[in-house]
1. Filter the stretch A:50-68 down to residues that are among the basic types (Lys, Arg) and either away from chain B (no Cβ under 11 Å) or under 16 Å from A:THR17 (Cβ atoms) (or both), then give me how many there are.
2. For A:SER66, indicate whether it is free of Cβ contacts under 8 Å to residues at least 12 places away in the same chain and more than 22 Å from B:GLN112 (Cβ to Cβ).
3. Return only the number of the condition from (1) more than 11 Å from the chain's Cα centre (by Cα); (2) facing chain B (nearest Cβ under 10 Å) that A:ALA77 does not satisfy.
4. Kindly indicate whether any position in the stretch B:7-25 is closer than 20 Å to B:THR114 by Cα and of a type in the set (Lys, Arg).
5. Kindly list the number of the only condition in (1) buried (at least 19 other Cβ atoms within 10 Å of the Cβ); (2) at the interface with chain B (Cβ under 9 Å from one of its Cβ atoms) that fails for A:CYS87.
6. Hey, B:GLY101 hits all of (1) touching a residue at least 60 places away in the same chain (Cβ under 8 Å); (2) within 12 Å of chain A (Cβ to nearest Cβ); (3) in a strand (DSSP E or B) but one; which does it fall short on?
7. Considering only the stretch A:66-88, how many residues are in a loop (DSSP other than H, G, I, E, B) and touching a Leu at 6+ places or on another chain (Cβ under 8 Å)?
8. Report, by residue number, each residue of the stretch B:78-96 that is assigned to a strand (DSSP E or B) and either surrounded by fewer than 14 Cβ atoms within 10 Å (Cβ to Cβ) or more than 8 Å from chain A (Cβ to nearest Cβ) (or both).
Amino acid sequence: SSELTQDPAASVALGQTVRITCQGDSLRSYFATWYQQKPGQAPVLVMYGKNNRPSWSPDRFSGSNSGNTASLTITGAQAEDEADYYCNSRDSSGNHYVFGAGTKVTVL
Amino acid sequence: QVQLVESGGGVVQPGRSLRLSCVASGYRSSLYAMHWVRQAPGKGLEWVAIISEDGSDKYYIDSVKGRFIISRDNSKNTLYLQLNSLRVEDTAMYYCTKDGGGAFRPFDYWGQGTLVTVSS
C-alpha cells in the first residue's frame, strides 16, 4: 500500500505537548518528512529523516520513527504552531511520493 | 536565499492546456531534483511529479500520467509543468518544490503556488 494515514485533528493546551502520527507500509523503508501549513500559505518543512530539523524549525519540534509509524512531537506548543501538518514519504516503488491527509492541530 | 516563483496559472476550460513555470534562484538549481505538488481547494497536499537534476528521469502520479509533462531548463533555472487535457478535478493550487537531496529527500523549499481553475 502507498497510503499514509494521519488522524484528522489534534488539540493541545498552550505550553503542553502534542504528538501526531503517520502510519503506512512505506515507512518501513523510508523515513517520513513533516510539513506545516498555515491558512493561505505554502507548506513549510519542519522535520525530516531520523530527527532532523531545518534551521528555521524551532527545537520544540522533534520526530521519531518505529516500524510503520512516524511521529511529530511539539513540546511546549505555542499559538503559532496552530496549523495543518502533513507527513510524506516515497512510496514502495521508491520513485513516487505520497502525502498523508493531514492533521489539523489546534492550540487551546 | 532560495526562492521559487511560480506563474502560469489561470482559468481554463476542460480539455484545454496550460503551462506552469517555476523560476528558481539563490542556489544551483541544476544540482537538485524538483517536484510539483498540488492542493485542491480545501483539500490536502498531493504529489504530482518529479524530475531529476538533469531532466533525464521523470515520474508522475497515475492520475496525470499521459496528460501532464514535467520538464526543466537548467540554463534558465526554470521548471515547467505542461498540463494537457485538463479536467475539473485538476483544479488546485500548484506548488513547485525543491528536493533537498541526500538520504532523506525532503521538499525543503516551496514556492507560493499558482492557482489553476478548470471550469466551463
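The values are calculated or read from the model by the stated rules, or taken from the named source; none is laboratory data. Because the structure is a prediction, the values reported are computed rather than measured. Glycine gets a Cβ as well: all are built from the backbone with ideal geometry, and neighbour counts include every protein chain shown. For the accessible areas, the whole protein counts, side chains as well, though only heavy atoms, and no ligand, DNA or RNA atoms are used. Shrake-Rupley method; radii C 1.70, N 1.55, O 1.52, S 1.80 Å.
1. 1
2. Yes: the conditions hold for A:SER66.
3. (2)
4. Yes, the conditions are met somewhere in the stretch B:7-25.
5. Checking A:CYS87 against (1) buried (at least 19 other Cβ atoms within 10 Å of the Cβ); (2) at the interface with chain B (Cβ under 9 Å from one of its Cβ atoms), the one that fails is (2).
6. B:GLY101 satisfies all of (1) touching a residue at least 60 places away in the same chain (Cβ under 8 Å); (2) within 12 Å of chain A (Cβ to nearest Cβ); (3) in a strand (DSSP E or B) except (3).
7. 4
8. Within the stretch B:78-96, B:THR78, B:LEU79, B:TYR80, B:LEU81, B:GLN82, B:LEU83, B:ALA92, B:MET93, B:TYR94, B:CYS96 qualify.
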